[in-house]
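Working notes, beginning with the structure itself.
The values are calculated or read from the model by the stated rules, or taken from the named source; none is laboratory data. Here the structure is a predicted model, which means the values were calculated and not measured. Cβ placement follows ideal geometry from the backbone for every residue including glycine, while neighbour counts extend to all protein chains displayed.
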């Protein structure tokens, strides 16, 4: 699926699907509330794959953030969306995918006025193959960081706003390989597990 034809799932205040819209055309100064996800990839040694968004991304170019973000396609389940984006963005295959923050949502405004407004469940994926192949146009850098290094990023201006907000909820859960499985119960009605 081309990024130019990719559709996002629009949501109402109850997180129910109310339609779809083209992804690129929908991200602007008044971006509608829509479905997304964030994924943190943990390696066998507990390090986390942290990425820098490509410099030519329409929203928040060049910021450092978790491993992978994306938008489930209409009718696509969360695990399938995560697998698709991990493969497309990083050339990785997840061994496991765990729901960590199923109720996460945020709204952030970039310096240029572009808004992200998402119901964005957070998952952890584990991998045994720890050699990413970042996709040009998606990922500028991909680096394995210790949990301490991940914590240090929170206070730096180059961290994405959603990374800071997610870390505020993730830190109390312990280190990434210890994050408990929150299960699918808190996922939005518009998103199957």
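Looking at residue 24, is it touching a strand residue (DSSP E or B) at 6+ places or on another chain (Cβ under 7 Å) and either over 24 Å from residue 174 (Cα atoms) or crowded, with 21+ Cβ neighbours inside 10 Å (or both)?
On the way: touching a strand residue (DSSP E or B) at 6+ places or on another chain (Cβ under 7 Å): no; either over 24 Å from residue 174 (Cα atoms) or crowded, with 21+ Cβ neighbours inside 10 Å (or both): yes.
No: the conditions fail for residue 24.
I'd like the residue in the stretch 42-65 that is in contact with a helix residue (DSSP H, G or I) (Cβ under 9 Å, 6 or more places away or on another chain) and modelled with pLDDT under 95 and, out of all such residues, is nearest to residue 171 (Cα to Cα).
60
Could we say that residue 118 is within 29 Å of residue 30 (Cβ to Cβ) and surrounded by fewer than 16 Cβ atoms within 10 Å (Cβ to Cβ) here?
Values: within 29 Å of residue 30 (Cβ to Cβ): yes; surrounded by fewer than 16 Cβ atoms within 10 Å (Cβ to Cβ): no.
When the stated conditions are applied, residue 118 does not pass them.
Could you tell me how many of the residues in the stretch 144-159 are touching a residue at least 60 places away in the same chain (Cβ under 8 Å) and in contact with a helix residue (DSSP H, G or I) (Cβ under 9 Å, 6 or more places away or on another chain)?
Here is the first cut: in the stretch 144-159, the ones touching a residue at least 60 places away in the same chain (Cβ under 8 Å) are 144-147, 149-150, 153, 156, 158-159.
Retained after the next criterion (residues that are in contact with a helix residue (DSSP H, G or I) (Cβ under 9 Å, 6 or more places away or on another chain)): 145, 147, 150, 153, 159.
The number of residues fulfilling the criteria is 5.
Looking at residue 10, is it in contact (Cβ under 8 Å) with a residue 12 or more places away in the chain and either more than 21 Å from residue 158 (Cβ to Cβ) or touching a helix residue (DSSP H, G or I) at 6+ places or on another chain (Cβ under 8 Å) (or both)?
It is true that residue 10 is in contact (Cβ under 8 Å) with a residue 12 or more places away in the chain and either more than 21 Å from residue 158 (Cβ to Cβ) or touching a helix residue (DSSP H, G or I) at 6+ places or on another chain (Cβ under 8 Å) (or both).
Tell me yes or no: at least one residue of the stretch 69-88 is over 19 Å from residue 191 (Cβ atoms), in contact with a strand residue (DSSP E or B) (Cβ under 7 Å, 6 or more places away or on another chain), crowded, with 22+ Cβ neighbours inside 10 Å and in contact (Cβ under 8 Å) with a residue 12 or more places away in the chain.
Taking every residue of the stretch 69-88 in turn, none turns out to be over 19 Å from residue 191 (Cβ atoms), in contact with a strand residue (DSSP E or B) (Cβ under 7 Å, 6 or more places away or on another chain), crowded, with 22+ Cβ neighbours inside 10 Å and in contact (Cβ under 8 Å) with a residue 12 or more places away in the chain.
Can you name the residue in the stretch 17-61 that is part of a strand (DSSP E or B) and without any contact (Cβ under 8 Å) to a residue 40 or more places away in the chain and is also farthest from residue 141 (Cα to Cα) among such residues?
First, pick out the residues of the stretch 17-61 that are part of a strand (DSSP E or B): 17-22, 34-35, 37-42, 48-53.
Subsequent filtering for residues that are without any contact (Cβ under 8 Å) to a residue 40 or more places away in the chain retains 18-19, 21-22.
Details: 18: 35, 19: 34, 21: 29, 22: 27 Å.
For the stretch 17-61, the residue satisfying everything is 18.
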